[in-house]
Amino acid sequence: MTPPALARGIAAGLFFAAPAGALLLASQAGAADLAARLDDGTAIARLDMPEGGEWCVLWRHSVQGFEVADCYENRDGRMVLVRSHQPDFAAGLGHIPGRGRQVSDGAGGYWILGIDEPVPGDAYVLRPGTMEVDHRLSTEGAEVSLSRRAAHKRVRISLE
């Protein structure tokens, strides 16, 4: 094969291979890990978070003791707050008009749905409380207590 013919063959092969490679990259583009790290970078939790995957940060209200949830979604590799569950209008809780819509949960509490608020930098810092509060990361297949691993410490929760 002459050098020009060889070059055309390689170029043709690359042309036909490119779409498959592009599809592979596109399918992995939104894949991420949900990580919880201490200030020194130590990972105290790391959970697979595929594109469209959801997780919640759960905790017990420090005064009333009921469970509260803030739920997020991985949208194209971005952390987006999508909904919040609050069983009562206790101190520090409540719906902010214009930020999602409030609907009854049928048990005396309420959901705030459709928040759809991107988290700046796809990360935020949380200082988990004691086990009485028990801040947790919860996915469909796992639950990790941040309070058990790092009560009162700065924990950065992020998509990586």
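On the stretch given as the range 117-138, residues that are within 13 Å of the chain's Cα centre (by Cα) and of a type outside the set (V, I, T) total 10. Close contacts from the range 134-160, counting a first residue that is of a type in the set (D, E) and a second that is part of a loop (DSSP other than H, G, I, E, B), with Cβ to Cβ under 9 Å and a gap of 6+ residues or different chains, come to D134/P128; E140/G53. Residues in the range 144-160 that are open to solvent by 10 Å² or more (accessible area, probe 1.4 Å) and not hydrophobic (A, V, I, L, M, F, W, C): S145, R148, R149, H152, K153, R154, R156, E160.
Residues in the range 62-114 that are modelled with pLDDT of 85 or more, outside any strand (DSSP E or B) and under 26 Å from L47 (Cα atoms): D76, G77, G114. For the range 31-45, a residue qualifies if it is open to solvent by 40 Å² or more (accessible area, probe 1.4 Å), assigned to a strand (DSSP E or B) and within 20 Å of R75 (Cβ to Cβ), and exactly one does: D33.
Exactly one residue among G129, G121 is surrounded by fewer than 19 Cβ atoms within 10 Å (Cβ to Cβ) and part of a helix (DSSP H, G or I), and that residue is G121.
The values are calculated or read from the model by the stated rules, or taken from the named source; none is laboratory data. Predicted model only: the values in this text are computed from it and were never measured. Glycine gets a Cβ as well: all are built from the backbone with ideal geometry, and neighbour counts include every protein chain shown. Note: areas computed on protein heavy atoms with side chains; ligands, DNA, RNA excluded. Shrake-Rupley method; radii C 1.70, N 1.55, O 1.52, S 1.80 Å.
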